[in-house]
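Everything on this sheet refers to the single structure shown next.
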C-alpha cells in the first residue's frame, strides 16, 4: 500500500527524492488511519497538467498540483473482507507539474525537493478531505501540511 509514483521520468528527481515522497505519503496516510490505502502520484509536464486542468476544472492554464479523489464525500463501502484479505483502499491520484514545482521553489526561496514534498502533501491532504475554500480551512490545511513536512524532514 502507500504511494505509487507514476511517470518518474524526470532526471532532475533523484531516486532518494522519489523514496522520500513515498515515505511522506505513508506518514500522512498512517496519521489518518489509512495505512492500507493506496494513492497514485503522477509527475507531469506543463502541457499534460494544463490539459487535465482544462478537462476537469474548466481552467485552460497549467497549475502546480491536482487531486482526483475516487470517493468525494461518499460513505465508505461496507467491509466484506477481514484485515488480511481486504484489497487496498484506493483514495485517488495526485498529479504534480514538475516544471511548475521548479519555478515555485525559486520563487519561494526553497529547494525543488521541498516544493515537491509540499505539493505531494497538499494533494494528498485534499484526497483525505482537507480544503482551503475559506480562511479557517486554509489555516487548518496549512498547519497540517507543515506538520507532515516537518515529520518527514522537509519543514522550514
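What follows draws every value from the coordinates through simple rules; no lab data is involved. Model, not experiment: these values are computed from the prediction. Please note: Cβ atoms are built from the backbone with ideal geometry, for glycine as well, and neighbour counts cover all protein chains shown.
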Exercise for review: Evaluate the distance, in nm, between pseudo-label points positioned 7 Å from the Cα of residue 31 and of residue 63 along their respective Cα→Cβ axes.
Suggested key: 2.3
Check your understanding: Relative to the longest principal Cα axis of the chain, at what angle does helix 112-127 sit, 0 to 90 degrees, rounded to 10?
Key -> 40
**Study point:** Expected 222 nm ellipticity per residue - DSSP helices of 4 or more, -39500 (n - 2.57), all of the chain, to 500
**Key:** -15000 deg cm²/dmol
Practice item. Among DSSP beta bridges whose residues both lie in the range 2-151, state the antiparallel percentage, nearest 5. Key: 30
Study note, to complete from the structure: Helix 15-31: inclination vs the chain longest Cα principal axis, degrees, rounded to 10, gives 40
Check your understanding: Mind checking the angle between helix 46-57 and the chain's longest principal axis? C-alpha axes, 0 to 90 degrees, to the nearest 10.
Key -> 50
Review point. What's the FRET efficiency of residue 14 with residue 142 using the Cβ-Cβ distance as r and R₀ = 22 Å, to the nearest 0.05?
Key: 0.25
Review point. Can you pull the percent of Cα pairs in the chain with separation above 19 Å?
Key: 55
